[in-house]
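Trainee: Before anything else, here's the structure in question.
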Amino acid sequence: MEHDVIIIGSGPAGLMCAIQANKRGKKVLLVEKNHNIGGKLPLTGNGRCNITNAEFDIKKLIEKYGKNGKFLFNAFNLFGPKELIEFFESQSLKIKIEDNKRAFPVTNSAKDVVDVLESILINVDVLCNSRMTDFTIKNKQIESIKINNKEYKARNYVFCSGGGSFDLIKKTGHTINKITPALASVKIKDPFSELSGVSIDVLIKKPKIRGEMLFTHFGLSGPVILNASKKISNEISIDLAPDIKELNIDKNKLLKNSDFLPSKVVLKLLELAGINPNKKGNQLTKAERFKLFSLIKNMRFEVLEIVNPMVVGGGVSLKEIDSKTMKSKIIDNLFFAGEVVDIDGPTGGYNLQFCWSTGYLAGTNLD
Ligand SMILES: Cc1cc2nc3c(=O)[nH]c(=O)nc-3n(C[C@H](O)[C@H](O)[C@H](O)COP(=O)(O)OP(=O)(O)OC[C@H]3O[C@@H](n4cnc5c(N)ncnc54)[C@H](O)[C@@H]3O)c2cc1C
């Protein structure tokens with residue numbers, strides 16, 4: 001057997017797993033179907049890579065992942081945001097903390113993150129353009145896997161295949177909990193395309209979440225929409241100005257120059273309410289004022305489609321994985337790490353963090 005471990009997928013989970021296994025003297029083969037390593041890493045944080053969230057209180061961190069978060073306790077305790085930042089800084093990649101504890105490389109470059117990881121992989125065999133297409137199982141063990149029609153064997157296998165390859169993984173006997181798009185934007189009927197690029201602080205009514213919403217040419221995006229997207233149904237109702245309790249409009253100003261919201265949004269609302277924007281505040285009728293206020297406090301959009309998900313919800317059932325090691329409870333020599341398992345978090349570095357942490361745990365617990 002040429003390798004101690006074969007890792008499928010070279011995203012953050014696979015890379016961290018490979019680095020830790022190699023550090024512990026394991027002979028590692030890292031397999032990636034794309035021509036480059038890194039998985040989704042180069043795309044993250046708009047190319048800046050929000051590598052983690054610097055929430056060092058593990059209890060608070062876990063709460064961000066909803067009911068499945070408890071599973072991450074061991075992983076975060078051993079290799080949480082603090083350890084991750086130390087890891088990158090020890091590789092001479094300085095990390096800075098921005099608003100909401102979001103952590104980025106000071107160079108603002110996701111490519112630098114991939115390059116640093118790649119530089120530590122020197123003793124790891126990497127096979128790119130290589131897809132795992134099948135495997136054989138004997139006596140509750142993976143016996144061999146098929147990559148590019150060739151058989152490979154190792155003592156251990158780690159599946160870090162992200163949001164793909166679930167049909168294949170099912171063959172292990174593991175339960176795959178329902179796959180749903182998460183951290184996604186929404187395509188809406190009659191989007192306000194003229195507001196594209198405008199961002200405002202809103203309150204989504206259901207699920208109740210407040211934060212920045214971005215108008216796009218096809219619909220709605222921004223952190224609040226991404227975080228709500230798993231639970232958004234056919235209609236979305238939004239309070240466009242959660243801090244405004246009553247509409248205070250300057251009597252002497254033209255309505256189009258009102259500043260209760262950004263001017264482009266004000267103009268759109270006046271258009272929707274059928275109010276002449278060149279009227280002065282004191283010319284606004286009671287009915288018009290009511291209409292305008294209702295639109296601001298309860299803007300409804302018909303959702304056509306959930307688009308551009310950044311992660312998937314669902315995945316390999318946590319009941320079938322040992323949270324202390326990431327080892328399968330069904331197949332003796334199989335481990336999982338990263339998005340492939342049934343965990344996802346909100347925006348802000350939480351998704352990469354659990355991939356690093358579970359990759360670390362798997363890489364340090366191989367037989
Ligand atoms: C646009 C965008 C921006 C994002 N920004 C952030 C951010 O700033 N911060 C954050 O925390 N999260 C962010 N995320 C989420 C984050 O990228 C994912 O949570 C993370 O990449 C998942 O890591 P992973 O290693 O589990 O999987 P992936 O990164 O998806 O890597 C899995 C790899 O496995 C390979 N693979 C799959 N099946 C096979 C097979 N059968 N054979 C061989 N190879 C296979 C794939 O090609 C892929 O390279 C973003 C996501 C997107 C799409």
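Trainee: In this model, which of Lys33/Lys101; Lys94/Lys187; Lys231/Lys297 are farther than 28 Å apart at the alpha-carbon?
Mentor: Long pairs (Cα-Cα over 28 Å): Lys33/Lys101; Lys94/Lys187.
Trainee: Ok, one more. If you take the alpha carbon radius of gyration of the chain and divide it by 2.2 N^0.38 Å, what ratio comes out, to two decimals?
Mentor: The chain yields a ratio of 1.17.
Trainee: Something else: Pairwise over distinct Cα atoms, reciprocal of the mean inverse distance: report the Kirkwood radius of segment 219-367 in Å, one decimal place.
Mentor: Computed over Cα pairs of segment 219-367, the Kirkwood hydrodynamic radius comes out at 19.3 Å.
Trainee: Still on this structure, I have one more. Can you show me the helix-derived [θ] at 222 nm for the chain, built from DSSP H runs with n ≥ 4 at -39,500 (n - 2.57) apiece and divided by the number of residues, rounded to the nearest 500.
Mentor: The per-residue figure over the chain is -7500 deg cm²/dmol.
Trainee: I want to verify a result. In a Gaussian network model of the chain, Cα cutoff 10 Å, which of these has the top mean-square fluctuation: Asn308, Asn100, Asn34?
Mentor: Most flexible of the set in this elastic network: Asn100.
Trainee: For segment 317-367, would you read off the P(r) tail past 12 Å as a percentage of all alpha carbon pairs? The partial results should precede the final answer.
Mentor: Working: 755 of 1275 pairs.
Within segment 317-367, distances greater than 12 Å cover 59 percent of Cα pairs.
Trainee: Using the structure shown, list the pairs from Lys60/Lys327; Lys140/Lys230; Lys264/Lys291; Lys140/Lys170 with a Cα-Cα distance above 23 Å, or answer none.
Mentor: Cα-Cα > 23 Å for Lys60/Lys327; Lys140/Lys230; rest within.
Trainee: Expressed in whole Å with the largest first, what are the equivalent ellipsoid semi-axes of segment 1-158 derived from the C-alpha gyration tensor as the square root of 5 times each eigenvalue?
Mentor: Working: eigenvalues 179, 72, 40 Å².
They are 30, 19, 14 Å, listed largest first.
Trainee: Same structure again: Taking the 0 to 90 degree range and rounding to the nearest ten, how far is the long axis of helix 12-23 tilted relative to the main principal axis of the chain, both from C-alpha atoms?
Mentor: 30
Trainee: When only Cα pairs under 8 Å and 6 or more residues apart are kept, what is the percent relative contact order across the chain?
Mentor: Over the chain, the number comes to 25 percent.
Trainee: What ranking of Phe293, Phe87 comes out by heavy-atom accessible area, probe 1.4 Å, highest first?
Mentor: The most accessible residue leads, giving Phe293, Phe87.
Trainee: Charges only on Cβ, +1 for Lys and Arg, -1 for Asp and Glu: so what's the dipole of segment 185-307 about the Cα centre, in debye to the nearest 20? Numbers along the way, then the final one.
Mentor: Values: 21 positive and 14 negative charges, 72 e Å.
The calculation lands at about 340 debye.
Trainee: Checking the cross-link filter: which aspartates and glutamates have an alpha carbon closer than 18 Å to that of Lys324, excluding same-chain neighbours under 8 positions apart?
Mentor: Output for Lys324: Glu83, Asp332, Glu339, Asp342, Asp367.
Trainee: Still on this model: Of Val307, Phe159, Gly219, which is farthest towards the positive pole of the chain's charge dipole, taken about the Cα centre with +1 and -1 on the beta-carbons of Lys, Arg and Asp, Glu respectively?
Mentor: My answer, from the dipole projection, is Gly219.
Trainee: Right, something else. Would you mind computing Rg(Cα) / (2.2 N^0.38 Å) for segment 185-307, counting N as its residues?
Mentor: Details: Rg = 14.5 Å, N = 123, 2.2 N^0.38 = 13.7 Å.
For segment 185-307, the normalised Cα radius of gyration comes out at 1.06.
Trainee: Can you tell me the 0 to 90 degree angle between the C-alpha axis of helix 110-120 and the longest principal axis of the chain, rounded to 10?
Mentor: Roughly 10 degrees between the two axes.
The values are calculated or read from the model by the stated rules, or taken from the named source; none is laboratory data. Quantities reported herein were computed from a predicted structural model and do not represent experimental measurements. When we count neighbours, we look across all protein chains shown, and the Cβ atoms used for this are built from the backbone with ideal geometry, even at glycine. Areas reflect the complete protein model, heavy atoms only, side chains present, ligands, DNA and RNA absent. Shrake-Rupley method; radii C 1.70, N 1.55, O 1.52, S 1.80 Å.
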